[in-house]
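Asks: Before anything else, here's the structure in question.
Quick note: the coordinates plus some simple rules give every number you see, no bench work behind them. Note that the coordinates shown come from a computational prediction; the quantities given were computed from them, not determined experimentally. Cβ atoms come from the backbone with ideal geometry, glycine included; neighbour counts cover every protein chain shown.
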Amino acid sequence: MTAQLLAGAPAAAALLAATAERARALSRPPGLALVRVGDDPASASYVRGKDRRAREAGLRSTVYALPEETSQTELLSLLADLNAAPDVDGILVQLPLPPHLDAAAVLRAVDPAKDVDGFHPCNVGELWSGRPGLTPCTPAGVMALLAHYGIPVAGRRAAVVGRSLIVGRPMAALLLAADATVTLAHRQTPDLGAVTREAELLVVAAGQPHLITPEMVRPGAVVVDVGINRVVDGSGAAHLTGDVHPAVAGVASALTPVPGGVGPMTVAALLANTVAAAERRSALPVCP
Ligand code: NAP
């Protein structure tokens, strides 16, 4: 068997087009505030990419690039201003923050109705309660990718490897909400292969290159590789690889490539969340 490759680009393009159309239907362009602190080049590059995509989709995006020495009080003050700004519909604080800042407190300071990363405890609670809220972008992107390729979720046995707040846990919640039967695995899971072999739908977000090998995959399973790992080969060249060994393509029925699979979906889901926040803010707040 050679797995169908689930490329992210066409699915992301479809989601971006639908998002741009929803944005055009609003009375004013949805506003997105992108906040980053410090000089981390990766964070700067991620924020530039989000800003560019947002503008392409017709959103009004503003980048707030704060210096490394920004204090907690200064950052919370900016967030209070953005929470109060009527033309700002979505606020994203790029992680990681410099170590002197309390990231959990910063994420709690974002108005849940504008929390387009879906990390505020109110939105986490809404998600696990099976109610609509703002959902973390990478798992939301995975669900959109599966929908784009017509891959059914309801009634399937699903396994998620990784339990982070950003990917694994919300991924499990979304699959559960879509009526899959979900197992959530982590480092303390005894016999990981026994769990993954049960899964008809396997989502891996562990940050471990090639953790999942062909003998750990049920023949015909759909495998979503969220992992992005920078590895250096024998010649000293760096390249990106996923958490799933490429030979899994010989066992699975469908597999996301790395790079080019889940990656493009994350930004598209962020912009969809921003438009959803703009639509919803004209109705009831997410968490009064
Ligand atoms: P993280 O916070 O480090 O969490 C990793 C999770 O994987 C933890 O729950 C950990 O278990 C589990 N894990 C690690 N090694 C394992 C093993 N050998 N067996 C079983 N479980 C194991 O990472 P993250 O933020 O969720 O990101 C995961 C990966 O996704 C990374 O490669 C990241 O770069 C990538 N990512 C990609 C996108 C995208 O847009 N495509 C977005 C976000 C993240 P414990 O809890 O027991 O420690």
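Asks: Normalized C-alpha radius of gyration of the chain, against 2.2 N^0.38 Å? Mind showing how you got there, number by number?
Replies: Values: Rg = 19.0 Å, N = 288, 2.2 N^0.38 = 18.9 Å.
Ratio of Rg to 2.2 N^0.38 Å for the chain: 1.01.
Asks: I need the phi-derived Karplus couplings for segment 45-61: 6.51 cos²θ - 1.76 cosθ + 1.60, θ = phi - 60°, integer Hz, Gly and Pro marked x.
Replies: Once θ is set to phi - 60°, the couplings for segment 45-61 become 5, 4, 5, 4, x, 5, 4, 5, 4, 4, 5, 4, 8, x, 8, 9, 9 Hz.
Asks: Let me ask something else about it. How far, in degrees from 0 to 90, does helix 8-24 lean away from the longest principal axis of the Cα atoms of the chain, to the nearest 10?
Replies: With both axes taken from Cα atoms, the answer is about 30 degrees.
Asks: Run the quick spin-label model on D81 and T181: label points 7 Å from Cα toward the beta carbon, then report their separation in nm to one decimal.
Replies: 5.4
Asks: Shifting gears a bit: Could you identify which residue out of L75, L145, L270 has the top mean-square fluctuation in a GNM of the chain using Cα springs shorter than 10 Å?
Replies: L75
Asks: Roughly how many nanometres apart are two label points built 7 Å out from the Cα toward the Cβ at R52 and Q188?
Replies: The two pseudo-label positions are separated by 4.2 nm.
Asks: Hey, another quick one. In deg cm²/dmol, rounded to 500, what helix-only [θ] at 222 nm does the chain give when every DSSP H run of at least 4 residues adds -39500 (n - 2.57) and the total is split over its residues? Don't jump to the answer; show the numbers that get you there.
Replies: Numbers: 9 runs with 108 residues, N = 288.
Result for the chain: -11500 deg cm²/dmol, rounded to the nearest 500.
Asks: Please find, in a Gaussian network model of the chain (springs between Cα atoms separated by less than 10 Å), the residue of A194, A42, A25 whose mean-square fluctuation is greatest.
Replies: Answer for the Gaussian network model of the chain: A42.
Asks: Just to be sure I understand the model, the point goes 7 Å from the Cα along the line to the Cβ. What's the resulting Q208 to T73 distance in nm?
Replies: If labels sit at Q208 and T73, their model points lie 4.5 nm apart.
Asks: Enter the Cα centre distance for the pair segment 51-69 and segment 81-116, rounded to the nearest angstrom.
Replies: 14
Asks: Where does helix 168-177 land angle-wise versus the long Cα axis of the chain, in degrees 0 to 90, nearest 10?
Replies: 80
Asks: Would you pull out the residues with amide H under 5 Å of R60's amide H, same chain only if 5 or more places away, H placed 1.01 Å from N?
Replies: Residues meeting the criterion, in which the H sits 1.01 Å from N, are G31, L32.
Asks: Could I ask something else about it? I'd like the Karplus ³J(HN,Hα) series for segment 89-106: coefficients 6.51, -1.76, 1.60, θ = phi - 60°, whole numbers in Hz, and an x wherever there's a Gly or Pro.
Replies: 9, x, 10, 10, 9, 5, 9, x, 8, x, x, 6, 9, 8, 4, 4, 5, 5
Asks: Let me make sure I get this right: for segment 1-69, a, b and c are the square roots of the gyration tensor eigenvalues over alpha carbons, sorted descending. Under 1.5 in a/c it's rounded, otherwise prolate if a/b > b/c, else oblate. Which is it?
Replies: On the way: a/c = 4.45, a/b = 1.25, b/c = 3.56.
Oblate.
Asks: Let's test this: bin the Cα-Cα distances of segment 133-239 at 10 Å from zero up to the farthest pair and state each bin's percent.
Replies: 15, 47, 29, 8, 1
Asks: With θ taken as phi - 60° and the coefficients 6.51, -1.76 and 1.60, list the Karplus ³J(HN,Hα) couplings across segment 205-222 in order, rounded to whole Hz; mark glycine and proline as x.
Replies: Once θ is set to phi - 60°, the couplings for segment 205-222 become 9, 10, x, 10, x, 6, 4, 9, 9, x, 6, 8, 10, 5, x, x, 5, 8 Hz.
Asks: Another question, if that's okay. Select from P112, P41, P152 the residue whose mean-square fluctuation is largest in a Gaussian network model of the chain (Cα-Cα springs shorter than 10 Å).
Replies: P41
Asks: Equivalent-ellipsoid semi-axes (√(5λ), Cα gyration tensor) for segment 20-163, whole Å, largest first? Mind showing how you got there, number by number?
Replies: On the way: eigenvalues 145, 77, 50 Å².
Taking √(5λ) for each eigenvalue gives 27, 20, 16 Å, largest first.
Asks: Further, regarding this structure: List the GluC sites (Glu not before Pro) in segment 8-115 that DSSP assigns to loop (not H, G, I, E or B) and whose Cβ has at most 14 other Cβ atoms within 10 Å. Which are they?
Replies: On the way: sites: E21, E56, E68, E69, E74; in loops: E68, E69.
Passing sites in segment 8-115 are E68, E69.
Asks: Assuming a ≥ b ≥ c are the square roots of the Cα gyration tensor eigenvalues, decide whether segment 195-242 counts as rounded (a/c under 1.5), prolate (otherwise, with a/b larger than b/c) or oblate.
Replies: prolate
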